[in-house]
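All remarks here apply to the structure that follows.
Please treat every number below as a calculation from the coordinates, not as lab data. Every value quoted in this text rests on a predicted model; they were computed, and no experiment measured them. Here the Cβ is made from the backbone with ideal geometry for all residues, glycine too, and neighbour counts use every protein chain on show.
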Amino acid sequence: MRIGVLGTGMVGRAISGKLAELGHDVRVGSRTASGDTVVFADAAAHGEIVFNCTSGAASLDALGAAGDLAGKVLIDVSNPLDFSGGGPALFTDTTDSLGERIQAAFPDALVVKSLNTINCNLMVNAAAVPGDHVVFVCGNDDGAKARTRELLGEFGWTPERVIDLGDITAARGTEHYLMLWLRLMGVVGGPSFNISVAS
Ligand SMILES: NC(=O)c1ccc[n+]([C@@H]2O[C@H](COP(=O)([O-])OP(=O)(O)OC[C@H]3O[C@@H](n4cnc5c(N)ncnc54)[C@H](OP(=O)(O)O)[C@@H]3O)[C@@H](O)[C@H]2O)c1
């Protein structure tokens, strides 16, 4: 599959590296082309599926530079983290989310929020942590979520471990979970952990 990965940080590198290893045709997008990266617009144009792995504060600008996203599955991995006040905070409130802002700004893109609750190494290798821990998806288009689930399966997230939370407003919950995730990281002693859901 042709996939564009927007972002050259840890997440973009982990996702693009794994996708290439799996045999996908991947282009990584950045503000400036260099070495193995192209500009955001070229990576997005290349992809049938596009990952947003850019800094949350810059995601709307980065996606604006990405050009025409109409009809593309846009898997949004970003988080609205804000460290400007010293400690970690979010720049969205509980009636809003970055996933929703992205869907509103690019109404013809098929936005699926996923993987943002997990460290990047675990995102692409579910077996890195033992147990039946889970990953979430949410978004307004069922077809886009189905395609996202297929890719998640290639990363080791078997169907019963992918929880569909409904439409894109569920991103409020998965993004606010970051405040707990950051505390858990301190308690666990590192980023290699995840949650499971019992009922
Ligand atoms: N680290 C994790 O394990 C983890 C886990 C879950 C979710 N996330 C989320 O995933 C996203 C990526 O995280 P990361 O740690 O890999 O990288 P990051 O440092 O948050 O973001 C790096 C990317 O953002 C782009 N960027 C920065 N400022 C920009 C601007 N003003 N305009 C346009 N683009 C800009 C950079 O572009 P250039 O390539 O041009 O420098 C780069 O590609 C974040 O939203 C983060 O919250 C991270």
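Here are some notes:
- Taken over the stretch 147-196, the criterion of being among the polar types (S, T, N, Q), farther than 19 Å from LYS18 by Cα and in a loop (DSSP other than H, G, I, E, B) is satisfied by ASN194, SER196.
- Every residue from the stretch 94-115 that is acidic (Asp, Glu) and either part of a loop (DSSP other than H, G, I, E, B) or without any contact (Cβ under 8 Å) to a residue 12 or more places away in the chain (or both): ASP96, ASP108
- Filtered residue count, the stretch 80-93, keeping only those that are assigned to a loop (DSSP other than H, G, I, E, B) and more than 15 Å from ILE168 (Cβ to Cβ): 8
- Pairs with Cβ under 9 Å, 6+ apart, first in the stretch 3-14 and closer than 11 Å to VAL50 by Cβ, second among the small types (Gly, Ala, Ser) and within 6 Å of the ligand (Cβ to nearest atom): VAL5/GLY12; LEU6/GLY12; LEU6/SER30; LEU6/ALA62; GLY7/SER30; GLY7/SER55; GLY7/ALA62; GLY7/SER78
- Within the stretch 172-187, the residues that satisfy the criterion of being of a type in the set (A, V, I, L, M, F, W, C), touching a residue at least 24 places away in the same chain (Cβ under 8 Å) and under 26 Å from ALA127 (Cβ atoms) are LEU178, TRP181, LEU182.
- Any chance LEU165 is free of Cβ contacts under 8 Å to residues at least 40 places away in the same chain and under 13 Å from ASN116 (Cβ atoms): yes
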